[in-house]
Amino acid sequence: MLRAFLKYGLWFLLGSLILCSFSALQKGIVGIPFHLKGFFVPLLFGGLCGLLLNFWREKWRKSSTSLLESEQRYRSLYENAPVMLHSIDPHGRLLTVSNFWLETLGYSPQEVLGRKLTDFMTESSRQLAKQTIFPMFFRTGSVKYIPYQLVKKNGEIVEVLLSAIAERSADGHIERSLAVAIDVTEHRQAEQEVKKLAYYDTLTGLPNRTLFQDRLGQALAHARRNNSKVEVLFLDLDRFKGINDTLGHAIGDEFLKIIAQRLKECMRRGDTVARLGGDEFVIVLSSYSGDQDGATFAERVLETLAQPVKLAGGELCSTASIGISIYPIDGQDIDTLLRNADIAMYAAKERGRNNYQFFSDEMNTRVVEKLGLETSLRRALDRGELFLFYQPQIDIQSGRIIGVESLLRWRHPQEGLIPPEKFIPIAEETGLILSIGEWALRTACKQAREWQIAGHTPIRMAVNLSARQFKQANVIDMVDRVLEETGLDPKWLELELTESLIMDNTVETIMALTDIKVRGIHLAIDDFGTGYSSLAYLKNFPIDRIKIAQEFVHGLPGDGDSEAIVEAIIAMGKSLKLNVLAEGVENLEQLEFLTQRHCHEVQGFYFSRPCTAPEIGELFTLGMSKAGFCLYQDRPGQSLH
Ligand code: C2E
Ligand code: MG
Ligand code: MG
């Protein structure tokens, strides 16, 4: 304050002095006598002039320093700020670029100055700039957050958000554009990663269900506008579960990746292949990717998948079942098309796998029927519609009934008697087999115990156990509980398992079988010969009995193949010290053939059809009072119910 006062005072004095001396000098020259009063005006005027002079001097000094400072700041910003700054002329040529701009893109100033900004853009950004952004900029004088892709000297792409304002001349023309670009590459990558997680399957990199639905939606919209068709293929690998279970999930995953790659290679631009989960894939063939024919395409896919897959552990082969639904005839919307393709895929499985099927209305009727059965099966147990039949098993040597097999029956209130082949697969699929199976085991064990209590010689009670039941975690507890509740000695119980179930050879299976065995429960392999051909497991597992599948017995005698198979099974059973029972014996010739080959036991219509518990009781009384099965031979194939 004092400084300013002194400074302005000095300038006042200086101004007064100059003007006074000038006035004195002027008066001296012209000879006017010197008078003090005459100096008052120049003193005041000179002082004021001095002050004014100082004021202008200060102003000039300030403006020139601030210009200098602003220029320095500007330069420093261009040199040091970690931002991509540039300016371009109205022709889009770069006038200035910040150091960070150069560093980010990897160029030297000589390589960029004077060149067009669009030269450093990807093709799509160049189009965007030329067609949309530049015209908009010249119209409005500014643009904000425009997503551009710039290309580094090494070819990498930098994603930026660019904002620019125009610098205009006095007459309002745009002289240049000042711009700042923010590098958002990492952000975009993270965004894409999130998008990838949301829309792509992490294992195979294929689109997932969400993206698939989106693409199918687009294809349908296009087809609606153009009156064209869209085909949806539902593909499920055959027996992939076996690969996963036996070779482990790591190999299973590798396998899926290779399959996904092969499917991708079958695709044309505009088609979509997606993974729905597990070993299920879906494909959309739309007319805008060319004239598509689902059948030809499915054949190509099946052919490609049939090539062996090389993996660390060796070579694997897989086939697939494909179902095809077509818009508009099989459905108008995503859900219906997908569901119908799925139904068709199941039909392909039923027809022996490794083929494709187009959806048909009949398939739908079958599914609806199945659904109906499923609903009534859920109530069947509570409503007492399920019951058991028992079929005797005869020892060939003694002719005595040494066991019975319990066979499940369902009397549907409207449909009548439904065969187990029709409802057991549904029960397995839905998991109802767990409660139904437990009920069947309890009823059978209770019945066996009742016959014992009634004084009949104890016999074996064979109960069929489905794979799903056997795989449940607490199957042994369930069997223990039933045996305890019914009071049946485990040695009178036999569990019938299928070959394929035993064959999966997992630790769990071996442990469960051993658990059953140590309790004294018998184990039989049902329908032997129809499953896997590997016989190695027979000596590893604690099995008591093999039941020759009836399809071989039916060919006896006369059919060379059946004869050879039956003979081989009996011989093998003998050397492995296993009991052999022949199922489905319907006539004397079959019995004689089996007797001559020393088969141990038989079961079939020749002796008795499956019958009710009281009928079996009746048979016991008759059969046990006279030795030998001649008794039953008198009534071949006769139904006892
Ligand atoms: P399976 O265990 O092989 O049962 C033998 C089937 O052969 C029975 O059919 C029986 O009626 C039939 N059969 C017996 N003797 C002859 C014969 O001389 N000629 C002919 N043509 N057939 C004969 P069913 O009762 O229809 O049972 C079919 C299948 O359903 C059974 O095959 C078994 O796999 C399954 N099943 C039956 N009851 C149960 C059960 O309680 N639980 C489970 N999980 N499956 C069951
Ligand atoms: Mg059986
Ligand atoms: Mg059988």
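Any read-out appearing in this document is the output of simple, stated calculations on the displayed coordinates, not a laboratory observation. Owing to the predicted nature of the structure, the values given are computational and were not obtained by experimental measurement. Virtual Cβ from ideal backbone geometry, glycine too; neighbours counted across all protein chains shown.
Here are the numbers for the structure shown:
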| item | result |
| --- | --- |
| Note, ³J(HN,Hα) from phi for segment 492-503, Karplus 6.51, -1.76, 1.60, rounded to Hz, x at Gly and Pro | 9, 9, 10, 9, 9, 10, 8, 4, 5, 5, 5, 5 |
| Sorted by Cβ neighbour density within 10 Å, fewest at the top, the residues Trp56, Trp11 | Trp56, Trp11 |
| Ranked list, fewest to most other Cβ atoms within 10 Å of each Cβ, for Trp101, Trp439, Trp451 | Trp439, Trp451, Trp101 |
| Relative contact order (%) - criterion: Cα under 8 Å, at least six apart; region: segment 81-189 | 27 |
| Whole-number percent relative contact order across the chain, with pairs defined as alpha carbons under 8 Å at least 6 apart | 7 |
| Sequence-distant residues sharing a close amide H with Tyr390 (under 5 Å, placed H) | Leu407, Cys611, Thr612 |
| Helical contribution to [θ] at 222 nm, DSSP H n ≥ 4, -39,500 (n - 2.57), averaged over the chain, rounded to 500 | -16000 deg cm²/dmol |
| Sequence ranges 463-470, 564-571, ranked by mean other-Cβ count within 10 angstrom, highest first | 463-470, 564-571 |
| Shape call, the chain: gyration tensor on alpha carbons, a/c limit 1.5 | prolate |
| In order through segment 345-350: 3J(HN,Hα) via Karplus (6.51 cos²θ - 1.76 cosθ + 1.60), integer Hz, x for Gly, Pro | 5, 5, 4, 5, 5, 4 |
| Neighbour-count order for Val580, Val404, fewest beta carbons within 10 angstrom listed first | Val580, Val404 |
| Straight-distance crosslink candidates among lysines, where the alpha carbon sits under 23 Å from Lys62 and sequence neighbours closer than 8 are dropped | Lys7 |
| ³J(HN,Hα) computed for each position of segment 167-179 - Karplus, 6.51 cos²θ - 1.76 cosθ + 1.60, integer Hz, glycine/proline x | 10, 10, 7, 4, 8, x, 7, 6, 8, 7, 10, 9, 9 |
| Cα gyration tensor, segment 203-359 - rounded (a/c under 1.5), prolate or oblate | prolate |
| Rg ratio (alpha-carbon, reference 2.2 N^0.38 Å) - segment 348-409 | 1.87 |
| Residues with amide H under 5 Å from that of His412, placed H, sequence gap 5 or more | Leu417, Ile418 |
| Between segment 558-606 and segment 301-371, the Cα center-to-center distance that results, in Å | 39 |
| Gain on full stretching of the segment that runs from Glu567 to Leu161 - 0.36 nm per residue minus C-alpha separation | 138.0 nm |
| Out-of-range pairs (alpha-carbon distance over 27 Å; input Lys471/Lys491; Lys264/Lys310; Lys310/Lys349; Lys130/Lys196; Lys310/Lys547) | Lys130/Lys196; Lys310/Lys547 |
